1. Which residue pairs have Cβ atoms under 8 Å apart, sit 6 or more places apart or on different chains, and have a first residue in segment 336-353 that is on the phi > 0 side of the Ramachandran plot and a second that is more than 10 Å from the ligand (Cβ to nearest atom) and polar (S, T, N, Q)?
2. Looking at Ala354, Ala385, Ala389, Ala307, which one is part of a helix (DSSP H, G or I), more than 16 Å from the ligand (Cβ to nearest atom) and closer than 21 Å to Val232 by Cβ?
3. For segment 15-38, give me each residue that is assigned to a loop (DSSP other than H, G, I, E, B) and more than 21 Å from Ala178 (Cβ to Cβ).
4. Would you point out the residue of segment 234-253, among those that are outside any loop (DSSP other than H, G, I, E, B) and away from the ligand (no atom under 12 Å from the Cβ), that is most open to solvent (accessible area, probe 1.4 Å)?
5. What tally of residues in segment 152-204 results from selecting those that are farther than 30 Å from Ile287 by Cβ and surrounded by fewer than 20 Cβ atoms within 10 Å (Cβ to Cβ)?
6. Of all residues in segment 254-283, which are open to solvent by 60 Å² or more (accessible area, probe 1.4 Å) and at pLDDT below 95?
7. When you go through Thr251, Thr233 one by one, which is the residue that is without any contact (Cβ under 8 Å) to a residue 60 or more places away in the chain, over 26 Å from Thr361 (Cβ atoms) and either of a type in the set (Val, Ile, Thr) or not assigned by TED's automatic domain parsing to the domain that holds Thr308 (or both)?
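The values are calculated or read from the model by the stated rules, or taken from the named source; none is laboratory data. Bear in mind that the values here come from a model prediction, so they are computed numbers and not experimental data. Positions of Cβ are generated from backbone atoms using ideal geometry, with glycine treated the same way; all protein chains shown enter the neighbour counts. In case anyone asks, the SASA skips ligands and DNA or RNA and just uses the protein heavy atoms, side chains included. Shrake-Rupley method; radii C 1.70, N 1.55, O 1.52, S 1.80 Å.
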Amino acid sequence: MLAGKRILLIIGGGIAAYKSLDLIRRLRERGAAVTPVLTRAGAEFVTPLSVSALAGEKVHTDLFDLTDEAEMGHIQLSRVADLVVVAPATADLMAKMAHGHANDLASTLLMATDTPVLMAPAMNVRMWEHPATQRNLAQLQADGLHVVGPNAGDMACGEYGPGRMSEPLEIVAAIETALGQGPLAGKRILVTSGPTHEPIDPVRYIANRSSGAQGTAIARALAALGAEVVFVTGPADVPPPQGVQVVRVETAEQMLTAVEAALPADAAVFAAAVADWRVASSSGSKIKKDAGRLPVLDFAENPDILATVSQRKTDRPRLVVGFAAETDDVIANATAKRARKGCDWIVANDVSPATGIMGGTENAVHLITAEGREDWPRMSKQQVATQLAARIAQALG
Ligand code: C5P
């Protein structure tokens with residue numbers, strides 16, 4: 001609950017500004033007061049009237065508004081809140097913040113404030129990935145700003161990738177976290193993600209098609225609820241989320257070592273697609289092509305990280321969640337897997353090529369617990385993650 005909290009909400013100029021109108025409603029539903037600030041560019045996307053009507057307060061737009069200066073100077077305005085939220089945080093606003101510009105009301109407030117700041121970036125994927133934006137992001141994080149999102153997905157500009165502003169409820173969760181109120185505050189959660197690479201020799205390896213998208217989304221969703229997340233990731237296609245402790249590994253054996261080093265934890269989610277086998281005697285030097293002679297690879301079984309942690313006598317997390325990616329008899333196989341590995345929950349999905357799930361943006365999962373099974377409708381991997389994180393928060397109570 002956000003009762004009694006005041007949020008200074010700076011709405012930047014981007015198409016995602018429409019979501020900030022909903023954000024205002026969600027904040028007020030939870031008892032927060034919202035002081036809105038609309039940048040000149042923001043006012044091209046949403047009207048001051050909509051913003052002030054939803055906030056139930058005057059919207060501030062101009063640095064040199066004499067009435068405001070008489071009633072409340074911009075310095076004071078920057079200090080009234082428990083948290084400053086910038087949503088959408090455009091590339092331009094991020095650049096201004098990172099470089100300390102103060103040439104309009106929003107940037108001046110951000111320079112003058114002594115309260116924590118949370119930003120929800122939203123921009124075209126190329127702008128987000130531009131080295132300048134990534135430099136600014138790194139600087140802002142080093143300065144202690146909280147960041148939520150952006151999410152990956154279809155964008156209003158017709159492109160695809162990271163750059164979509166987080167959904168209003170994700171921003172609300174991040175606000176609660178920034179105010180130390182997330183339901184997973186004080187909980188430490190371990191998440192494995194991505195594929196593993198098992199070397200054949202120094203330049204060749206065996207891998208699988210896991211992108212790391214689902215594990216990354218889960219880590220992000222858990223962090224958004226306030227958990228301290230240790231994210232142990234193999235070489236994934238997608239970048240790790242903000243605000244988590246990242247441990248990069250290559251092989252299954254390295255992943256097990258990293259996981260054991262991260263214990264104790266309150267919960268562990270094993271979303272990695274760990275290779276079942278490694279090359280038993282991988283070559284220390286590059287195997288030479290020898291005309292007419294084919295190399296023979298002998299395999300050894302990799303440690304089962306999920307089973308190892310589930311069956312630990314000491315330091316077993318209270319809740320251990322495994323995944324089952326199946327192409328046949330999904331439920332029967334996943335139910336058997338839960339018993340065999342000794343974990344508490346299995347998130348099962350059908351990864352037959354026809355489903356488009358492996359490497360795609362959507363997922364259709366079944367949650368298998370001691371109580372039975374739930375079939376979740378097909379939804380984005382981010383939504384699966386949000387729902388799973390909420391269930392984990394409930395279970396850790
Ligand atoms: O046995 P299978 O690979 O189908 O089980 C999948 C689950 O087990 C996933 O949660 C995966 O992260 C985990 N796993 C593991 N270590 C392995 C193999 C799978 O942690 N060596």
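1. Matching pairs, first to second residue: Gly342/Gln311.
2. Criteria check complete, one pass: Ala389.
3. Within segment 15-38, Ile15 is the sole residue that qualifies.
4. Across segment 234-253, the extreme among qualifying residues is Arg248.
5. Total meeting the criteria: 18.
6. Hit for segment 254-283 is Ser281, nothing else.
7. Thr251
Condition check ((1) in contact (Cβ under 8 Å) with a residue 60 or more places away in the chain; (2) under 27 Å from Val84 (Cα atoms)) across all residues:
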site	(1), (2)
Ser193	yes, no
Asp201	yes, no
Asn208	yes, no
Ser211	yes, no
Gly215	no, no
Ala221	yes, yes
